[in-house]
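Everything below concerns the one structure shown next.
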Amino acid sequence: MCGIVGYIGNQDAYPILIKGLKRLEYRGYDSAGVALLKDGVNVYKKRGKVADLERHIANKDVGGTIGIGHTRWATHGEPNDTNAHPHRSMDGKFVLIHNGIIENYGRLKKTLEENGYTFTSETDTEVLANLISYMYDHGATSFENAVQLALKKVIGAYGLVVLSTEEPDVLIAARKGSPLVIGIGKGEYFLASDATPIVEHTNSVIYLSDDDMAIIKKGQLTLKTIFDKTQEPVVQELDLDVGEIDKNGFDHFMLKEIFEQPRSILDTFRGRVAKDNKEIVLGGLYKVIDDLVQARRILIVGCGTSWHAGLVGEYLIEDIARIPVEVEYGSEFRYRNPVIGKEDFVIAISQSGETADTLAAIRMAKEAGATVLGICNVVGSSIPRETHAGVYTHAGPEIGVASTKAFTAQVTVLAMMAMVLGNKKGHLSTERYNELINDLTVIPSKIEKILQQNDKIKEIAKVYKDANNAIYLGRGYLFPVALEGALKLKEISYIHAEGYPAAEMKHGPIALIDENMPVIVIATKDKSYDKIVSNIQEVKARSGKVIAVVTEGDEVIRNMADHVMEVPDSCEMFSVLTTVIPLQLLSYHIALMRNCNVDQPRNLAKSVTVE
Ligand code: M6R
């Protein structure tokens, strides 16, 4: 949440910062601002999008080769010009951008007020800017030392960059809980919350760890902790292409990412399906696989769409590998005193690898002695760095706030894990193992076919664009798809939508059904088919409108439903990967027809780094 950029070097900082903020806008988009060091500091900030900030700045002095920028997702204080970052200390000497939450900011603010400090904004960040200033005036030996002393007083999470008129040749960056990456150029450095603004400048990066602090001058970087311990910078090569973070001709990132799924799933397979489709090799698990096979149980943690993927994982692993699985929201797990010990394996699923609740759950599980694995998309993010082992999904950058290709990649990894475990445990015969590998590897071509129905799905969207509510129903593997379909609709179109196991309908939700209620039923030909046909009849008997996702050629449901969206027949276990696609497209078109901002839905941010 919130995007941070910084630059120090010999180029004009402003264009680099603005472009960087546009790249990071998906992390938060209620206000934005920049600060540029040049004979003092110029700070410009504005409520709204980065484009609003650009308009606000037009014709102003944007000179300077050192600067910082921020795009905000509000935590403390409503989105307005004053609460936007950067924030200055009262004496104007320190200017700060921050991602995270200073939990004890109330107490710190009170102490500062008692010492004569006044505040213009409602933010925790302005408190930190003033705390640095206070430390500078009360015993700190330097700007760097003032930042150290201030951060030692802070409880909470931060990724921050600060500059000072007192030492105008330096930028200081620090991290605890919120990500920060430093790109290394020739005599210049780029800072950002993730690598997307950096990749067009350099491929060499350093990921900061918690408590790290970087003191950066033109052509010189010193890494230490806030406790003054010298750290050896670990320089890594980015495996990211600029083309991957552009819309490439699509109107929206979400549409691009939906259409990328045949390729992104192939990328998830790449190098992992070996020996002519006869074996799956998950290199990231090699250290733990023998123990994982013996696991007493597996706990899966995640949030949002990643939690839905976790539910699919539960069905897959129990079905194929016969290991008991429980699925938990990170936020619940971390606060509910769960029974967990060293015999347990925890799988944390996260696209961003930075979700605060999932990270906290991981830390708790590690403390309890469990082995923790990650399934993450963003390489180098916190979750892969904090887990014992794991598998990257390799879906490529997902910029649309609504998760699409990350979900199918997560399910693909979970399917591969389940198959490896099933095979090693002896629950899958070699023949069945090979059959399943084949079934999984043909999924991308099936998705290609589904995507060809885009125009037809658009027509269905026209009919339901003004709905106020929607119900999604599925059974077995398709119940998590119902949840995911409902989440996609509500988060981007603001239509209230709920997903249910189809048989639960009779226990309450059926009371909602009337001629105005669209019911989206995922009803492919699997072992629950007859039962879901009965559920459709129950909806129709109460005049509900049925939009069914069906197996190609299903005339029975076609004759009952108001609309059908077809998917090619596929193995029941992997039908999640096909049936979710029309639901993603349906949500996309409905949101667009309602004039909603598809890529940046209101109140949301891509990566939820606060709890
Ligand atoms: O980065 P993560 O996968 O950990 O994010 C989890 C959720 O915040 C995320 O899936 C969210 O629910 C999406 N907006 C859903 O489309």
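The values are calculated or read from the model by the stated rules, or taken from the named source; none is laboratory data. Worth saying up front: this structure is predicted, and the values here are computed from it rather than measured. Here the Cβ is made from the backbone with ideal geometry for all residues, glycine too, and neighbour counts use every protein chain on show. Surface areas here come from the heavy atoms of the whole protein model, side chains and all, with no ligands, DNA or RNA. Shrake-Rupley method; radii C 1.70, N 1.55, O 1.52, S 1.80 Å.
Per the Kirkwood formula applied to alpha carbons, the stretch 451-599 shows a radius of gyration over Rh ratio, Rg over Rh, of 0.93. Efficiency by 1/(1 + (r/R0)^6): what FRET value for T141 and T111, r their Cβ-Cβ distance, R0 = 22 Å, to the nearest 0.05? Efficiency for this residue pair is about 0.55. Shape class of the stretch 316-360 from the alpha-carbon gyration tensor: oblate, with a/c at 1.5 or above and b/c at least as large as a/b. How much net charge surrounds R296 when only the other residues with a Cβ under 12 Å from the Cβ of R296 are counted, with Lys and Arg +1 and Asp and Glu -1? Net charge around R296: -2. Accessible area per residue for the stretch 247-441, computed on protein heavy atoms with a 1.4 Å probe, is 36 Å².
Amide H to amide H, with H built 1.01 Å from N, I280 comes under 5 Å of A274, counting only residues 5 or more places away or on other chains.
Over the stretch 3-242, calculate the relative contact order: mean separation of alpha carbon pairs under 8 Å at least 6 apart, over the residue count, as a percent. For the stretch 3-242, the relative contact order is 19 percent. For the stretch 247-441, the Stokes-Einstein estimate of translational diffusion at 37 °C and a viscosity of 0.692 mPa s comes to 197 µm²/s, using the Kirkwood hydrodynamic radius over alpha-carbon pairs. Net charge dipole, the stretch 247-441: roughly 360 debye, given to the nearest 20, about the Cα centre with Cβ charges of +1 for Lys and Arg and -1 for Asp and Glu. Label-to-label distance for T165 and K217 is 2.2 nm, based on points extended 7 Å past Cα in the beta-carbon direction. At q = 0.22 Å⁻¹ the log10 of I(q)/I(0) for the stretch 283-383 amounts to -1.21, computed by Debye summation with a single uniform scatterer per C-alpha, solvent ignored.
Summing Cβ point charges (Lys, Arg +1; Asp, Glu -1) relative to the Cα centre of the chain gives a dipole of roughly 140 debye.
Reducing the stretch 141-165 and the stretch 303-363 to their Cα centroids gives an inter-centroid distance of 34 Å.
Applied to the stretch 213-221, the Karplus parametrisation 6.51 cos²θ - 1.76 cosθ + 1.60 on θ = phi - 60° returns per-residue 3J(HN,Hα) values of 9, 10, 10, 10, 10, 4, x, 8, 10 Hz, with x for Gly and Pro. Remark: the stretch 272-289, residue by residue, has Karplus-estimated 3J(HN,Hα) of 10, 9, 10, 6, 6, 6, 9, 8, 10, 10, 9, x, x, 9, 4, 5, 10, 4 Hz, where x stands for each Gly or Pro and the curve is 6.51 cos²θ - 1.76 cosθ + 1.60 at θ = phi - 60°. Each Lys or Arg adds one and each Asp or Glu takes one away; over the other residues whose Cβ falls under 15 Å from the Cβ of V62, this sums to +2. Sort the stretch 216-324 into rounded, prolate or oblate with this rule: let a ≥ b ≥ c be the square roots of the eigenvalues of the Cα gyration tensor; rounded if a/c is under 1.5, and if a/c is not under 1.5, prolate when a/b is larger than b/c, oblate otherwise. Since a/c reaches 1.5 but b/c is at least a/b, the shape of the stretch 216-324 is classed as oblate.
Does the chain come out rounded, prolate or oblate by the C-alpha gyration tensor, with a ≥ b ≥ c the root eigenvalues, rounded set by a/c under 1.5 and, if not, prolate when a/b is larger than b/c and oblate if not? Prolate, because a/c is 1.5 or more and a/b exceeds b/c.
If I take R0 = 51 Å and measure r between the Cβ atoms of Q236 and A541 in this structure, what FRET efficiency does the formula 1/(1 + (r/R0)^6) give, to the nearest 0.05? Show your work: numbers first, answer last.
Numbers: r = 60 Å, r/R0 = 1.17.
Taking R0 as 51 Å, the efficiency between Q236 and A541 is 0.30.
Simple rule: put +1 on each Lys or Arg Cβ and -1 on each Asp or Glu Cβ in the chain, find the dipole, and look at L577, I513, N434; the Cα lying farthest toward the positive end is I513. A cut-off under 11 angstrom between Cβ atoms defines the neighbours of S164, and their net charge, with Lys, Arg +1 and Asp, Glu -1, is -3. Multiplying the residue separation of A511 and K449 by 0.36 nm and removing their Cα-Cα distance gives an extension gain of 18.7 nm. Annotation: peptides 568-578, 582-592, 494-504, 234-244, ranked by per-residue average of other Cβ atoms within 10 Å with the highest first, follow the order 582-592, 568-578, 494-504, 234-244. Taking every alpha-carbon pair under 8 Å whose residues sit at least 6 apart, the chain reaches a relative contact order of 12 percent.
Rounded to the nearest whole Å², what accessible area per residue is found for the stretch 66-134 with the 1.4 Å probe?
35
A Förster distance of 45 Å, applied to the separation of the beta-carbon atoms of E78 and A274, puts the FRET efficiency at 0.25.
One decimal place: the segment D210-N248 gains 10.1 nm when fully extended, by the rule 0.36 nm per residue minus the C-alpha distance.
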